[in-house]
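We did not get these values from a lab; they are worked out from the coordinates using the rules stated. What you see is a predicted model; the values in this text were computed from it and never measured. Ideal geometry is used to build each Cβ from the backbone, glycine not excepted, and the neighbour counts take in all protein chains shown.
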Amino acid sequence: SVLGTAKVRVAVEAGIRQGWDRFIGSDGIFVGMKGFGASGPYKELYKYFGITAEEIAKGAMDAL
């Protein structure tokens, strides 16, 4: 009931996907890191991994 019936579910995590699939489902969009061990200034890491407002919006729009 908390998640509702949204057509698209998006998870944004400055970490890995593990655990998010149960909430976003198989059609959900995950924006986050694809592995462990990255180190550096967060702005550079977020850009490298696509954890940006633009990528989040693009993923949601593409899924709709």
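Per-structure values
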quantity	calculated
Those aspartates and glutamates that a straight Cα-Cα span of less than 17 Å connects to residue 58, excepting residues fewer than 8 apart in one chain	13, 27
Length-normalised contact order of the chain in % [C-alpha pairs under 8 Å, at least 6 apart]	34
Among 36, 23, 49, residue whose mean-square fluctuation peaks in a GNM of the chain (springs only between Cα atoms under 10 Å)	36
Net charge of Cβ neighbours under 11 Å - reference residue 52; Lys, Arg +1; Asp, Glu -1	+1
Assigned charges on the beta-carbon of Lys, Arg, Asp, Glu; the chain dipole about Cα centre (debye)	80
Length released on extending from residue 62 to residue 27, taking residue separation times 0.36 nm less the Cα-Cα span	11.5 nm
GNM flexibility winner over the chain from 32, 50, 40 (Cα, springs under 10 Å)	40
Alpha-carbon spread of the chain, three principal axes, descending order, Å	37, 23, 17
